[in-house]
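Shown next, in structure tokens, is the structure this report addresses.
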Amino acid sequence: MEANDDLKDRTLTLKKTFEVPVKVVWEAWTQPEHIAQWWGPSGMKTNVIEHDFKVGGKWRYVMAMPDGSEFIGHGVYSEIVKMKRIITSANFIPMTEGVELNILFESNGSKTDFIFSVIHPTVEYCKRQEKMGFYNGWGSTFKRLETFVSTLK
């Protein structure tokens with residue numbers, strides 16, 4: 001029981017419904033040419049350096065900040081269930097390290113219910129990440145994703 005409580009306290013989650021079928025959202029999330037179009041908060045340009053989309057495969061994205069500095073994201077895929085779930089380790093240097101991303105895709109007729117959870121190593125670290133702007137940053141990213149998938153229909 002305690003481990004589950006701890007997991008809940010170490011996890012930040014965003015839920016969203018996209019007005020497109022799950023196949024469209026899945027492709028936007030898994031195709032490098034699509035990822036570069038929406039990944040990162042508004043105002044950031046993303047270059048997909050590495051994207052080996054398989055269990056054990058690595059991903060690495062470099063995001064250019066408006067001020068010219070770089071923000072590097074990388075991780076290793078640990079679970080992929082086509083059109084359903086992606087689990088990967090993630091580091092977003094210099095702001096976030098040692099987290100796990102759990103991305104769930106659920107078909108809802110012609111729409112997609114999307115659940116994005118980030119599991120942090122400790123409760124304290126999770127709270128710090130939330131205060132640093134977790135919901136604003138990822139919320140902005142998923143607004144970009146929403147706009148992008150609407151163009152793929």
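The values are calculated or read from the model by the stated rules, or taken from the named source; none is laboratory data. The shown structure was predicted, so the numbers you read here are calculated from the model rather than taken from an experiment. FYI the Cβ positions are ideal-geometry reconstructions off the backbone, even for glycines, and counts take in every protein chain you see. Surface areas here come from the heavy atoms of the whole protein model, side chains and all, with no ligands, DNA or RNA. Shrake-Rupley method; radii C 1.70, N 1.55, O 1.52, S 1.80 Å.
Summary table below
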{"quantity": "Test: residue in the stretch 111-126 that is assigned to a helix (DSSP H, G or I) and open to solvent by 80 Å² or more (accessible area, probe 1.4 Å)", "calculated": "yes"}
{"quantity": "Residues of the stretch 99-109 that turn out to be open to solvent by 50 Å² or more (accessible area, probe 1.4 Å) and either in contact (Cβ under 8 Å) with a residue 12 or more places away in the chain or closer than 22 Å to H120 by Cα (or both), as a count", "calculated": "5"}
{"quantity": "Residue that is in contact with a strand residue (DSSP E or B) (Cβ under 6 Å, 6 or more places away or on another chain) and farther than 17 Å from Q129 by Cβ, where the choices are E50, E33, E27", "calculated": "E50"}
